[in-house]
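Would you mind keeping the following structure in view while I ask a few things?
The values are calculated or read from the model by the stated rules, or taken from the named source; none is laboratory data. Not measured: the values here are computed from a predicted model. All Cβ positions, even for glycine, are placed from backbone atoms using ideal geometry, and neighbour counts span all protein chains on display. Heads up: the accessible areas ignore ligands, DNA and RNA and are worked out on the full protein's heavy atoms, side chains in. Shrake-Rupley method; radii C 1.70, N 1.55, O 1.52, S 1.80 Å.
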Amino acid sequence: MRYEAIVIGAGMVGTSTAWHLQKNNSKVLLLDRKLPGLETSYGNAGLIQREAIHTHPFPRQLTELVRVMPNRGTDIRYRIPAILRYHQALLQYWKYSTPASVKKIEAEWQTLIAHCTSEHQTMITASNADELIRRDGWLQLHRSEETLKTAAAAAISDREQGVEHKVLTIAELKVIEPNANFDGFVGAIHWLNSWQVSNPSALVKAYAKSFQEMGGEIKESNVKAITPDGDGWKVITDSDTYYSDDLVIAAGPWSNELIKPLGYDLPLFPMRGYHQHFKITGKNTINHSMFDMDKGFVMGPMQQGIRITTGAEMTTMDAPKNFGQLKTVLKLAKKILPLEEAVESEAWAGSRPCMPDMKPVIGPAGKHDKLWFAFGHSHQGFTLGPITGRLVEELIHNKPSTVDVAPFNAQRFSK
């Protein structure tokens, strides 16, 4: 069967892209080795982050490098095999992290973030998924007066970018989160116009269901080969062969392995995260997700329970799970909330696709016509999926672009 477009990747970015294409009268196939919402989009912190207008550059200060080197931190850990495998991408990451580069990158990044909640709302409304969304923001907790002061000053400046916030004292925190123990903290930033999602996987599935109701198709299959076919594409899987006019690669950290046989080798590297749920009781119920800024982990209220989400681990995709970072995080989290009974017998782990210049790849592949890329969103694929999908649809159908996509082109790494 021939489709107008095939999208490979059923996470938030891929599902949103397929949704936008189908909405605009295309016959679309969404194809992945797992059904929507079961991979990386399952395991995030459940935040649509309107406040995330700043990137995360590579540490360049000696004090920060010294802090990370012992490899016992709760926010970032690394494994030597990954450092060796991705050393070239990491070197580029370091080069892109100068203050001048970061300033330019963030100006481009902010053009995407500005549309994150409005584009999600379009899909939420169409998918009847409003019950999954809470629009009362989330809390960024600080253990240091210095970091809180710095964050508060930056937040005032961020108002120019449409970010809303309020600085909270410990007394104010205790009013809105009476079950939490804030000993050791000095205050918080309440990000007011970011959204919480009570079940990230369910939101992706709702978008996928809406896509199907519009006539889109979803197939669960492993892609074996991608080859040009006349003026279109042939996708060979372990169970069938599919043909399309346009082909979109939105497979997150797996994207590079799909496009390498076609002559592309982008400096994509994975960062792993872990999470575990704990049963909700009358003693640990919370109303907002809470991010421990100094320790780098998130506690969030989910349908599955209180989700504890770690920072990042620099490791290879096929490396075995290492729960050391999560165990350290849980010791800290249990001082804030009484977390007594784990929901899962083993914590979840998943990888996120990162690019060295901290921006996603969105746009035409470059070497082939009708081949499009939409990946590399780092920790913000869940936030930026809908705007990315809209941009890809606009490009494929030659429409005026909502956002200038030139800064996100795939060719920027070969210049």
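Output the number of the condition that residue 369 fails; it satisfies all remaining conditions of (1) open to solvent by 50 Å² or more (accessible area, probe 1.4 Å); (2) assigned to a loop (DSSP other than H, G, I, E, B); (3) more than 25 Å from residue 55 (Cα to Cα); (4) out of contact with any Pro (no Cβ under 9 Å at 6 or more places or on another chain).
Single failed check for residue 369: (4).
Another question, if that's okay. Is there any pair linking a residue in segment 222-249 that is more than 24 Å from residue 353 (Cα to Cα) and in contact (Cβ under 8 Å) with a residue 40 or more places away in the chain to one that is of a type in the set (S, T, N, Q) and surrounded by 12 or more Cβ atoms within 10 Å (Cβ to Cβ), with Cβ under 7 Å and at least six apart or on different chains, and which?
Close Cβ pairs satisfying both conditions: 232/244; 233/244.
Among the residues of segment 36-51, what is the count of those that are among the small types (Gly, Ala, Ser), open to solvent by less than 10 Å² (accessible area, probe 1.4 Å) and either at pLDDT 95 or above or closer than 30 Å to residue 160 by Cα (or both)?
Adding up the residues that qualify gives 1.
Looking only at segment 261-281, count every residue that is in contact (Cβ under 8 Å) with a residue 40 or more places away in the chain and within 20 Å of residue 174 (Cα to Cα) and tell me the total.
Final tally of qualifying residues: 1.
Still on this structure, I have one more. Given the conditions (1) touching a helix residue (DSSP H, G or I) at 6+ places or on another chain (Cβ under 9 Å); (2) open to solvent by less than 20 Å² (accessible area, probe 1.4 Å), and given that residue 58 satisfies all but one, which numbered condition is not satisfied?
Against the list (1) touching a helix residue (DSSP H, G or I) at 6+ places or on another chain (Cβ under 9 Å); (2) open to solvent by less than 20 Å² (accessible area, probe 1.4 Å), residue 58 comes up short only on (2).
Can you say whether residue 98 is open to solvent by 30 Å² or more (accessible area, probe 1.4 Å), among the β-branched types (Val, Ile, Thr) and modelled with pLDDT of 95 or more, as far as the supplied structure shows?
Considered against the rule, which asks whether it is open to solvent by 30 Å² or more (accessible area, probe 1.4 Å), among the β-branched types (Val, Ile, Thr) and modelled with pLDDT of 95 or more, residue 98 comes out as yes.
Do any helices (runs of 4 or more DSSP H) entirely within segment 140-230 hold 3 or more residues that are under 26 Å from residue 348 (Cβ atoms) and at pLDDT 95 or above, and if so, which?
In segment 140-230, 200-213 are the helices (runs of 4 or more DSSP H) which contain 3 or more residues that are under 26 Å from residue 348 (Cβ atoms) and at pLDDT 95 or above.
Can we say residue 13 is farther than 24 Å from residue 195 by Cα and either in contact with a strand residue (DSSP E or B) (Cβ under 7 Å, 6 or more places away or on another chain) or touching a residue at least 12 places away in the same chain (Cβ under 8 Å) (or both)?
no
Quickly run through segment 274-288 and pick out the residues that are over 20 Å from residue 49 (Cβ atoms) and either more than 20 Å from the chain's Cα centre (by Cα) or assigned to a loop (DSSP other than H, G, I, E, B) (or both).
Listed by number, the residues that qualify are 278, 279, 280, 281, 282, 283, 284, 285.
Name the single residue, out of those in segment 1-45 being in a loop (DSSP other than H, G, I, E, B) and under 17 Å from residue 113 (Cβ atoms), that is nearest to the chain's Cα centre (by Cα).
This residue is 44.
Has segment 109-126 got at least one residue that is surrounded by 16 or more Cβ atoms within 10 Å (Cβ to Cβ), more than 20 Å from the chain's Cα centre (by Cα) and either within 18 Å of residue 268 (Cα to Cα) or of a type outside the set (S, T, N, Q) (or both)?
Scanning segment 109-126, I find at least one residue that is surrounded by 16 or more Cβ atoms within 10 Å (Cβ to Cβ), more than 20 Å from the chain's Cα centre (by Cα) and either within 18 Å of residue 268 (Cα to Cα) or of a type outside the set (S, T, N, Q) (or both), so the answer is yes.
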